[in-house]
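Asks: Questions regarding the structure given below will be posed in turn.
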Amino acid sequence: MNYISPSSADNLELGQSARDTFGLDRAIRASKILVVDDQPVIHKLLGFYLNAGGYENLTFAEDGDDALEAIEADEPDLVLLDLQMPRMGGFEVCKVLRNDPRYLMLPILVQTAANSPEDRAEVFRSGATDMVGKPVNDAELLARVGIHLQNRHMLNQLSVYRESMERELQLARDMQHRIMPNPGDLAKLNEKYGIEFKSHFQTCDALGGDM
């Protein structure tokens, strides 16, 4: 990371891309992360790792049922999920979330000791986004958390941008259609002068430059 002294920062004009990058980084660090594990010592360990990586907005659940309640109350940006838990395990949590359209894009990072290709395949078939090995390595954990949160926020930004563009395009389409002759006015001209007018407007894409 480059550090800038206050005096030089006063004269520095950040480009839009740089501002967006810094804003994205702040959003990632402020992300809500739900840690789901039935062992309090694992809560403390994972919380320590995440705090050390700059993530402070953490919540904890002891099993799958608690996790689903927490997600329903306040959807997190990422779920760090253990597989082996009492009542409802991680596999069931993944399947429940993926069957709910609201959570199809929610990143689920599973912590597992599974090593065989079959076990790993089952993790992904259940709906997990990614996995981190047990015992959890802090560097691997932070790397995977970071990339999935970055993807999450970038997709959110793209969604917001697309919705904004769709609204603006709809306004422009409405404006273009209002320029076209009004059917009522054309009927009056036909009635008064006996001349029949017809109009047709079709764009080649979202908007048309010619009419």
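Asks: Can you give the net charge of the other residues whose Cβ lies under 13 Å from the Cβ of Ser31, counting K and R as +1 and D and E as -1?
Replies: Values: positive: Arg26, Arg29, Lys32, Arg152; negative: Asp25, Glu56, Asp74, Glu75, Asp77.
Result for the local shell: -1.
Asks: Just to be sure I follow the rule: in the chain, considering lysines 8 or more places apart or on different chains, how many pairs have Cα atoms under 28 Å apart?
Replies: Values: Lys32/Lys44; Lys32/Lys95; Lys32/Lys134; Lys44/Lys95; Lys44/Lys134; Lys95/Lys134; Lys188/Lys198.
Total qualifying Lys-Lys pairs in the chain comes to 7.
Asks: At a temperature of 20 °C and a viscosity of 1.002 mPa s, determine how fast the chain diffuses translationally according to Stokes-Einstein, using the Kirkwood radius over alpha-carbon pairs as Rh; express D in µm²/s, rounded to the nearest whole number. Could the numbers behind the result be given before it?
Replies: On the way: Rh = 21.4 Å.
In µm²/s, the coefficient rounds to 100.
Asks: Moving to a separate point now. Which of Arg152, Arg26, Arg144 ends up with the largest GNM mean-square fluctuation for the chain, with Cα atoms connected below 10 Å?
Replies: Evaluated over the chain, the most mobile residue of the options is Arg26.
Rule-based calculations on the coordinates, nothing more; no lab input. Just so you know, these numbers come straight off a predicted model, no measurement behind them. Neighbour counts are summed over all protein chains in view; Cβ atoms, including those assigned to glycine, are modelled from backbone coordinates with ideal geometry.
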